[in-house]
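Let me begin by presenting the structure, written as structure tokens, before commenting on it.
The values are calculated or read from the model by the stated rules, or taken from the named source; none is laboratory data. These numbers come from a predicted model, not from an experiment. Backbone-built Cβ (ideal geometry, glycine too); neighbour counts: all protein chains shown.
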Amino acid sequence: MKTSSNLERVLNAGHFAVTAELGPPTSANVEVVKKKAKILKGYVDAFNVTDGQTAVVRMASWATCLIAREEGIDPIVQMTTRDRNRIALQMDILGVSALGISNILCLTGDHMKFGNHPMAEGVFDLDSVQLVQLVRQMRDEKKFQCGDEMDVEPRLFIGAAVNPFAEPFEFRVARLEKKVAAGAEFIQTQCLFNMEKFAEWMKRVRDLGLHEKVKILAGLTPIKSLGAAKYMKYRVPGMDVPDSVLERFKGVPKKEIPREGIKFAVETIQQLKEMEGVSGVHIMAIEWEEAVPEIVQSAGLYPRP
């Protein structure tokens, strides 16, 4: 089904797509959202807004999407099953589509223990695979999960996330296969630092022909400080930051590390552009949206189609 998604248009035309994360504020500060959207405008084909990332209370993804969309860029609403049962999920799916949002990324969500309300109760009525299936059923069959029919379906380009680096590694492609079978049309991966391991994962993806069934956007996080790189290596579950990456940044003067981080991101993109089955990149410059335009330009991905 055709949607009004700019991201879908770019990917289906065979262009190397660029998406980026826009972090919502931990307040009702509209100006923060507008400022970030202005930075990204013209450099990305679509932007993601996280949904309670790390289980910390922030402005709702759908609301942030609407504010930032006023700058003229295509939003990707993120939706987690952590906080909603299947009734609330279906209500929100209808709502975001009715408001003109054309892309959705389906996630389970970070556990409450990682956030600022660790005593909150999680819902987890469905998991991310089931959420993908739910959106696909509502869109393509015009049916709610209970079987009731609707007259106007939600027209959404459906995405999911995968982590090629989590253990056990042998199950990573099988997890992707489940999400593709459920109806995912694009994938955004965990941020990539271990190119060798990612290349092996992509080989297994190609061996199953999955790269012909789904558009894969490789995740990137530009390194802004050595402390941030160490935090991702030692403290973030499922993150794979090789020792060689830390060594590269250890010898760099502190004030020069952001520049080196951008250079490293650009080098990674150049390798990804040559890798069969990779359809684009998803830049997660956490609270560093200012880095995105330089990365996109330096990687030869500007102007956008």
Okay, helices (runs of 4 or more DSSP H) sitting entirely in segment 150-263 with 3 or more residues that are hydrophobic (A, V, I, L, M, F, W, C) and more than 25 Å from Ala299 (Cβ to Cβ), I get 172-182
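Taking the criterion of being in contact with a strand residue (DSSP E or B) (Cβ under 8 Å, 6 or more places away or on another chain) and over 19 Å from Glu289 (Cα atoms), would at least one residue in segment 28-43 satisfy it? If you could, list the steps in order and put the result at the bottom.
Residues of segment 28-43 in contact with a strand residue (DSSP E or B) (Cβ under 8 Å, 6 or more places away or on another chain): 33, 36-37, 40, 43.
From what's left, over 19 Å from Glu289 (Cα atoms): none.
No, that holds for no residue.
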How do the pairs read when you match residues in segment 117-145 that are modelled with pLDDT of 95 or more with residues anywhere that are surrounded by 14 or more Cβ atoms within 10 Å (Cβ to Cβ) and of a type in the set (Ser, Thr, Tyr), using Cβ under 6 Å and keeping only pairs 6 or more apart or on different chains?
Phe124/Thr81; Leu126/Thr81; Asp127/Thr108; Ser128/Thr108; Leu131/Thr81
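Do we find a residue being closer than 29 Å to Ala98 by Cβ, basic (Lys, Arg) and within 23 Å of the chain's Cα centre (by Cα) anywhere in segment 138-155? Break it down into steps so the answer makes sense when it comes.
Taking segment 138-155 first, the residues closer than 29 Å to Ala98 by Cβ are 138-155.
Still in the running and basic (Lys, Arg): 139, 142-143, 155.
Subsequent filtering for residues that are within 23 Å of the chain's Cα centre (by Cα) retains 139, 155.
There is at least one residue in segment 138-155 that is closer than 29 Å to Ala98 by Cβ, basic (Lys, Arg) and within 23 Å of the chain's Cα centre (by Cα).
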Within segment 268-305, work out how many residues are within 23 Å of Gln53 (Cβ to Cβ), crowded, with 16+ Cβ neighbours inside 10 Å and acidic (Asp, Glu).
1
Cβ pairs under 8 Å, 6+ apart, first in segment 41-66 and over 19 Å from Asn116 (Cα atoms), second of a type in the set (D, E, K, R) and part of a helix (DSSP H, G or I)
Trp62/Asp92
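Among the residues of segment 1-48, how many are part of a loop (DSSP other than H, G, I, E, B) and within 15 Å of Val296 (Cβ to Cβ)? Give the steps one after another, and end with the answer.
Residues of segment 1-48 part of a loop (DSSP other than H, G, I, E, B): 1-5, 13-16, 23-29, 41-45.
The next check asks that each one be within 15 Å of Val296 (Cβ to Cβ); those that pass are 15-16, 41-45.
Looking only at that region, the number is 7.
Among what's in segment 113-137 and is among the aliphatic types (A, V, I, L, M) and more than 20 Å from the chain's Cα centre (by Cα), pick the residue that is surrounded by the fewest Cβ atoms within 10 Å (Cβ to Cβ). Quick ask: steps written out before the conclusion?
Step one: filter segment 113-137 for residues among the aliphatic types (A, V, I, L, M), giving 119-120, 123, 126, 129, 131-132, 134-135.
Going one step further and asking which of them are more than 20 Å from the chain's Cα centre (by Cα), we end up with 119-120, 123.
Details: Met119: 6, Ala120: 14, Val123: 16.
Result: Met119.
Could you pull out the residue among Thr64, Thr54 that is modelled with pLDDT under 95 and either buried (at least 22 other Cβ atoms within 10 Å of the Cβ) or part of a helix (DSSP H, G or I) (or both)? Please lay out each step first, then the result.
Values: Thr64 fails: modelled with pLDDT under 95.
After ruling out the rest, the residue left standing is Thr54.
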Restricting segment 247-267 to residues that are crowded, with 17+ Cβ neighbours inside 10 Å and aliphatic (A, V, I, L, M), the residue that is nearest to Asn163 (Cα to Cα):
Ala265
Neighbours by Cβ (under 6 Å, 6+ apart or cross-chain): first from segment 277-296, at pLDDT below 95; second surrounded by 21 or more Cβ atoms within 10 Å (Cβ to Cβ) and assigned to a loop (DSSP other than H, G, I, E, B)
Glu287/Gly23
Listed residues Ile87, Ile76, Ile101; which is touching a strand residue (DSSP E or B) at 6+ places or on another chain (Cβ under 7 Å) and either without any contact (Cβ under 8 Å) to a residue 24 or more places away in the chain or in a loop (DSSP other than H, G, I, E, B) (or both)?
Ile101
Which residue pairs have Cβ atoms under 9 Å apart, sit 6 or more places apart or on different chains, and have a first residue in segment 169-192 that is under 18 Å from Asp110 (Cα atoms) and a second that is at pLDDT below 95 and assigned to a helix (DSSP H, G or I)?
Cys191/Met232
I'm checking my understanding of the structure. Among residues of segment 181-194 that are within 18 Å of His282 (Cβ to Cβ) and in contact with a helix residue (DSSP H, G or I) (Cβ under 6 Å, 6 or more places away or on another chain), which one is surrounded by the most Cβ atoms within 10 Å (Cβ to Cβ)?
Ala184
